[in-house]
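In what follows, a structure is listed as structure tokens, so that the remarks can point back to it.
The values are calculated or read from the model by the stated rules, or taken from the named source; none is laboratory data. Keep in mind it's a predicted model, so treat the numbers as computed, not measured. Every residue, glycine among them, receives a Cβ derived from its backbone with ideal geometry; neighbour counts consider all protein chains shown.
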Amino acid sequence: MAGGWLLIAAAVAFCGGALGQTSGGDAADKRALEAVCGACHSASLVEGLRSEPEWTETVEQMVKLGAKGSDEQFDRLIRFLLRNLTKVNVNTGTASRIAPVLDISEAVAEAVVKRRTE
């Protein structure tokens with residue numbers, strides 16, 4: 001069980017420092033979020049951690065309400081949400097859910113899942 005807590009601690013440490021920091025690509029992703037979401041409301045309304053399905057539902061709802069943007073802008077804003085405002089349970093999540101949230105390769109995420117199940 002100690003291994004599980006170690007995984008949680010590592011994930012929290014990794015993600016905790018990432019909030020508020022932006023790399024070059026992340027800055028472009030944030031600009032896409034601000035452009036698309038900020039066209040209707042303050043981008044500061046986009047806050048709080050949600051799961052990937054919750055963010056998907058939110059973005060789909062915003063599109064139904066009239067959010068407009070290019071495919072690239074939507075790809076970028078989803079990537080920003082996944083990397084910065086998405087919660088994932090590394091003790092139960094699949095590799096495909098863990099990888100984009102922690103910004104790690106699929107292979108590393110698969111290793112996390114494998115270690116967890118051993």
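Quick check: anything in the stretch 47-62 crowded, with 16+ Cβ neighbours inside 10 Å, at negative phi and in a loop (DSSP other than H, G, I, E, B)?
no
State which residue is nearest to the chain's Cα centre (by Cα) when the search covers only the stretch 96-118 and only residues that are over 15 Å from PRO53 (Cα atoms), assigned to a helix (DSSP H, G or I) and touching a residue at least 12 places away in the same chain (Cβ under 8 Å).
If we take residues in the stretch 96-118 being over 15 Å from PRO53 (Cα atoms), assigned to a helix (DSSP H, G or I) and touching a residue at least 12 places away in the same chain (Cβ under 8 Å), then LEU102 is nearest to the chain's Cα centre (by Cα).
In the stretch 77-98, what residues are of a type in the set (A, V, I, L, M, F, W, C) and over 25 Å from ALA67 (Cα atoms)?
VAL88, VAL90, ALA95, ILE98
Mind listing whichever residues of the stretch 66-95 are among the basic types (Lys, Arg) and closer than 18 Å to GLU106 by Cα?
Scanning the stretch 66-95 gives ARG79, ARG83, LYS87.
Do you know which residues across the stretch 63-77 are out of contact with any Leu (no Cβ under 9 Å at 6 or more places or on another chain) and either among the small types (Gly, Ala, Ser) or surrounded by 14 or more Cβ atoms within 10 Å (Cβ to Cβ) (or both)?
Across the stretch 63-77, the qualifying residues are GLY66, ALA67, SER70, PHE74.
Can you tell which of GLU54, GLU72 is at pLDDT 95 or above, under 17 Å from the mean Cα position of the chain (by Cα) and either over 24 Å from VAL36 (Cβ atoms) or not aliphatic (A, V, I, L, M) (or both)?
After applying the criteria, what remains is GLU72.
Condition first: among the aromatic types (Phe, Trp, Tyr) and within 13 Å of THR56 (Cβ to Cβ). Now tell me which residues in the stretch 69-83 satisfy that.
PHE74 - this is the single residue of the stretch 69-83 that is among the aromatic types (Phe, Trp, Tyr) and within 13 Å of THR56 (Cβ to Cβ).
Do you know which residues across the stretch 32-46 are assigned to a helix (DSSP H, G or I) and among the β-branched types (Val, Ile, Thr)?
VAL36
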